[in-house]
Amino acid sequence: QYGNLARSTNGGSSFYSCLNGVPSGDRRNWSTPVVFDPANPDRMYYGTYRLFRSTNGSASWSAISPDLTGGTQGATLVYATLTTIAVAPGNGEVIYVGTDDARVWRTTDGGAHWTDRSAGLPDRWVTRVAIDPVDPDIAYVAQSGYRSDDPAARLHRTTDGGATWTGIAAGLPEAPVNALVIDPAAPNLLYAGTDVGVFVSPDAGGSWSELAPGLPVSVIQDLVLHAPTRALVAF
């Protein structure tokens, strides 16, 4: 919550703070994003209003971006923060981030240069960015409109690195999309976690259906696919 992060090196018997290098005054989202590089567990990313990277398992951090938000704009609560980070599974130099003030950014050189890829997306809170496991130019952006009193599902796909976006939410219920998982064994197979359950698409968002009817209507904030066992876990 609000960026607290602790590390254990003894299996969880004890924990200690591991934010060396992250200024305490940086704005942080209530649910601060922290992710591992899929190919390197020592390389991690942490988001405030800018992106930080650790190359030593969170022992220290360095900023690799400027402010990627539009600023606080007089907000009374913590606002203008990163909400999601995605590192391309096949190329750790490609990173996408999303913010609570509707911005999506992309770097293809590990943070040396950033490109704003927000054009064409609705002005809505970005809940999740997911990158295709094979082609880093293919990515997905999920959004929530609750802050704007808008219940519509918001989900977009790009095939050109975010230069253009196509809406793929048709068939989803009117509820925010909070999480998205791409099946690494079949990249066109998508799982979406929404405020009313989990939905699946076999065709990269061309069509959607409810997954596992009988699941109680629940807010799904996160999805994890354990590829070796094919188990999908919803939180």
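The values are calculated or read from the model by the stated rules, or taken from the named source; none is laboratory data. Keep in mind it's a predicted model, so treat the numbers as computed, not measured. Reconstructed Cβ throughout: ideal geometry from the backbone, glycine too, with neighbour counts over all protein chains shown. Keep in mind that these areas ignore ligands, DNA and RNA; they rest on the heavy atoms of the full protein, side chains included. Shrake-Rupley method; radii C 1.70, N 1.55, O 1.52, S 1.80 Å.
Below, the figures for the structure above:
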{"item": "Which listed residue is open to solvent by 30 Å² or more (accessible area, probe 1.4 Å), part of a loop (DSSP other than H, G, I, E, B) and closer than 23 Å to Tyr140 by Cβ, from Ala119, Ala59", "result": "Ala119"}
{"item": "Restricting the range 210-235 to residues that are among the small types (Gly, Ala, Ser) and surrounded by 10 or more Cβ atoms within 10 Å (Cβ to Cβ), the residue that is nearest to Pro33 (Cα to Cα)", "result": "Ala234"}
{"item": "Condition check for Pro66: in a loop (DSSP other than H, G, I, E, B) and either of a type in the set (D, E, K, R) or open to solvent by 40 Å² or more (accessible area, probe 1.4 Å) (or both)", "result": "yes"}
{"item": "Residue match in the range 72-85 (condition: within 25 Å of Asp183 (Cα to Cα) and in a loop (DSSP other than H, G, I, E, B))", "result": "no"}
{"item": "Single match in Arg7, Arg28, Arg43, Arg50 (criterion: farther than 20 Å from Ile64 by Cα, of a type in the set (D, E, K, R) and either open to solvent by 60 Å² or more (accessible area, probe 1.4 Å) or at pLDDT 95 or above (or both))", "result": "Arg7"}
{"item": "Those strands (runs of 3 or more DSSP E) lying entirely in the range 126-194 with at least 1 residues closer than 25 Å to Trp114 by Cβ and within 14 Å of the chain's Cα centre (by Cα)", "result": "139-144, 154-158, 177-182"}
